[in-house]
Amino acid sequence: ALVDQTGFNPDLFAGNIEKLVAYTGANPAIGIDDIRAVVLRDKKDPIFSLTNALLEKNAAQALGFLSSLYKEGFHPLQILKSLENQIRKLLLIKSFILSFSPNTPLPNFKTMNFNGFTQNLMPKILAYDETLKKALAQRDGSLSKATPSGKEKKKVFPSDLLLAPNPKSPYPVFLTFQKSENFSLNELKNAMIALGDLDYQLKSKPIDAIVGMDNFIITICRKGGDSHAAENQNSRHHL
């Protein structure tokens, strides 16, 4: 969770561990809630810069940040994980949009202002997250009954599955929804398949996979495209 929050820069990682040890005091373990309370995501960190360039479909910047990550010693699998998390988040947004009633006009996030988003969309987003939490809790309950194994551990809900992991800070959610308009559903599906292939290559042919990462970024940052135009034709309206 700490690496996902700030990336793995050894000095930064060590410093954050020291903060967490001081914060947790006599507690025998450091938990995810402790990390959220103490460690703020640094929006100048190189992983954030890479994923933000990806969201903007800026291939030149994304390739530059990717090269910098390699030079700083980031492992390709760690970079791949960050890309997977970002694409998964965009797919969750598309899934949320598809959950709207067929008779409900789809919002145009790029032209929507922040106030309109918080008033009209955030209540729906939070309700969607709550429904997902209940569904996963019910699933976990069924699995634990099917496979009893002594004392149960306290389950921590994976925040990366939520559209708004921090409901008190809706602005980052708003920005991600806006940038989701840069991608079609088909682009995102193909991106997840490509990342799965790259994951396999990194564990078998690392050199080929590094070249593949460059190709992936060039492909996903390609602007326009028939699939994107067809998917969004006549489907965007203002809230």
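The values are calculated or read from the model by the stated rules, or taken from the named source; none is laboratory data. Computed from a predicted structure; not experimentally measured. No Cβ is skipped: glycine too gets one built from the backbone with ideal geometry, and neighbour counts run over all protein chains shown. What goes into the accessible areas is simple: the full protein's heavy atoms, side chains included, and nothing from ligands, DNA or RNA. Shrake-Rupley method; radii C 1.70, N 1.55, O 1.52, S 1.80 Å.
Points to keep in mind about this one:
- GLY64 meets all of the listed conditions (1) under 20 Å from ASP199 (Cβ atoms); (2) free of Cβ contacts under 8 Å to residues at least 24 places away in the same chain; (3) open to solvent by 30 Å² or more (accessible area, probe 1.4 Å); (4) not polar (S, T, N, Q) but one, namely (1).
- Exactly one residue out of PHE96, PHE74 is closer than 17 Å to ILE217 by Cβ, open to solvent by less than 30 Å² (accessible area, probe 1.4 Å), modelled with pLDDT of 80 or more and not small (Gly, Ala, Ser), and it is PHE74.
- Those residues of the stretch 83-117 which are among the hydrophobic types (A, V, I, L, M, F, W, C), under 18 Å from LYS57 (Cβ atoms) and within 14 Å of the chain's Cα centre (by Cα), in sequence order: LEU83, ILE87, LEU90, LEU91, ILE93
- Helices (runs of 4 or more DSSP H) contained entirely in the stretch 158-239, each with at least 3 residues that are crowded, with 18+ Cβ neighbours inside 10 Å and at pLDDT 90 or above: 170-180, 185-202, 206-220
- Residues in the stretch 10-58 that are open to solvent by 80 Å² or more (accessible area, probe 1.4 Å), within 25 Å of PHE177 (Cα to Cα) and at pLDDT below 75: LEU40, ARG41, LYS43, LYS44.
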